[in-house]
Amino acid sequence: MSDDKINMNHGAGGEVMANLISSTILDNITNKSVNGGISLDALDDGASIPLGDYEIVMTTDGHTIDPLFFPGGDIGRISAAGTINDVSVMGAKPLAISNAIIMQEGFPIEDLDKIMKSLNEACEEVDVAVITGDTKVMPQDKLDGIVMVTTGIGIAKKGEVVRDSGLEVGDKIIITGSLGDHGMSLMSFREGFGFDTDLKSDVAPMWNIIKKALDVGGVTAMKDPTRGGFANAINEMASKSGNGIVLEQDAIPIRDEVHAVSEMLGIDPFEVANEGKVVMGVKADKAEEVLEAIKSEKYGENAAIIGEVVEGDYVIVNTPIGGERILEAPIADPVPRVC
Ligand code: MG
């Protein structure tokens, strides 16, 4: 593979992509922040523009998922949920999205209709409007199916935006549900298991859960563990905060079906994308209350406290047999075109 050309790893959410972003993308942009808000350089889930007593949060996402329809969702649902979640994990109430659609000539209108219905359904779940968009078509041999680009906008009171860098020593780590469902279901679907499996993508908008947690209080950091999976998200949260994290493997929820497929395919469920999960840091004295609030919401029933923030430089996992291992960020997500 030539070093001066883009390869699939450059879009896979790991170290290779991070290097491309810092060297070629960030370095070419001179103005990366407005009114002292969260900047492009922060590489957080979204950025912000402080205005009066509020902060506008903005994020954008391109969706290239293959296949377009998969167990548990489709490109429409993931386009809405992915963008809504990036706004929500900033602690901002998502208000609206835009949606740009680029289609291949010959794309079935019936499929577009299904995709738009499920995009709308995901927006309705959390009361988000679709207020602007764009529609383009490319010649048949120039594009594979459909690509969708969504931009999300949300609002938070000034000073209440939650960063992915805010973990402090002693905070508990909460995950809102089981890990690896999206990546593993997509992978098993591609491997030919089709829709005849209990394994489904978790793709869902998470604002209602996040709102409950924020209402309890004590949330210090949030991130949605999408490309690169939980392993990438938790390492980013640890390193941005300058702390270590100790996790209890026994406490981390993973479905039996996900375990089975991951062993069959040799893929680590910690390294594949989740599309309906949030990793949270919460003050220790609020953690139980936040956990109960999350569990009472749809999509939150399997939430768990899985570890805590410590002084140190690594993410360590205590194994059930009394050992420990370092959990590293993956070089790239092992499953391409997951979102
Ligand atoms: Mg994100």
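The values are calculated or read from the model by the stated rules, or taken from the named source; none is laboratory data. All of these numbers come straight from a predicted model, not from anything done at the bench. Using ideal geometry, Cβ is built from the backbone for each residue, glycine included, and neighbour counts are taken over all protein chains shown. What goes into the accessible areas is simple: the full protein's heavy atoms, side chains included, and nothing from ligands, DNA or RNA. Shrake-Rupley method; radii C 1.70, N 1.55, O 1.52, S 1.80 Å.
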Can you name the number of the only condition in (1) away from the ligand (no atom under 16 Å from the Cβ); (2) at pLDDT 95 or above; (3) open to solvent by less than 50 Å² (accessible area, probe 1.4 Å); (4) part of a helix (DSSP H, G or I) that Pro253 fails?
(4)
Based on what the data block shows, is Leu119 open to solvent by 10 Å² or more (accessible area, probe 1.4 Å) and not in a strand (DSSP E or B)?
no
Can you tell me which residue within the stretch 42-55, out of those that are open to solvent by less than 40 Å² (accessible area, probe 1.4 Å) and away from the ligand (no atom under 16 Å from the Cβ), is nearest to Gly192 (Cα to Cα)?
Glu55
Looking at the stretch 124-174, which of its residues are surrounded by 13 or more Cβ atoms within 10 Å (Cβ to Cβ) and among the hydroxyl-bearing types (Ser, Thr, Tyr)?
Thr150, Thr151, Ser165
I'm trying to understand the selection: among the residues of the stretch 203-243, which are open to solvent by 20 Å² or more (accessible area, probe 1.4 Å), part of a loop (DSSP other than H, G, I, E, B) and within 16 Å of the ligand (Cβ to nearest atom)?
Thr226, Arg227
Got a sec? Which of Glu271, Glu288 is open to solvent by 40 Å² or more (accessible area, probe 1.4 Å) and at pLDDT below 95?
Glu271
Collect the residues in the stretch 56-74 that are more than 16 Å from the ligand (Cβ to nearest atom) and of a type in the set (D, E, K, R), keeping them in residue-number order.
Asp66, Asp74
Selection over the stretch 122-174 where residues are aliphatic (A, V, I, L, M) and assigned to a strand (DSSP E or B) yields a count of 14
Selection status of Lys295, free of Cβ contacts under 8 Å to residues at least 12 places away in the same chain and either open to solvent by 10 Å² or more (accessible area, probe 1.4 Å) or hydroxyl-bearing (Ser, Thr, Tyr) (or both)
yes
Does at least one position in the stretch 5-26 carry a residue that is open to solvent by 30 Å² or more (accessible area, probe 1.4 Å), of a type outside the set (Lys, Arg) and either touching a Leu at 6+ places or on another chain (Cβ under 6 Å) or in the same structural domain as Val126 (by TED's automatic domain parsing) (or both)?
yes
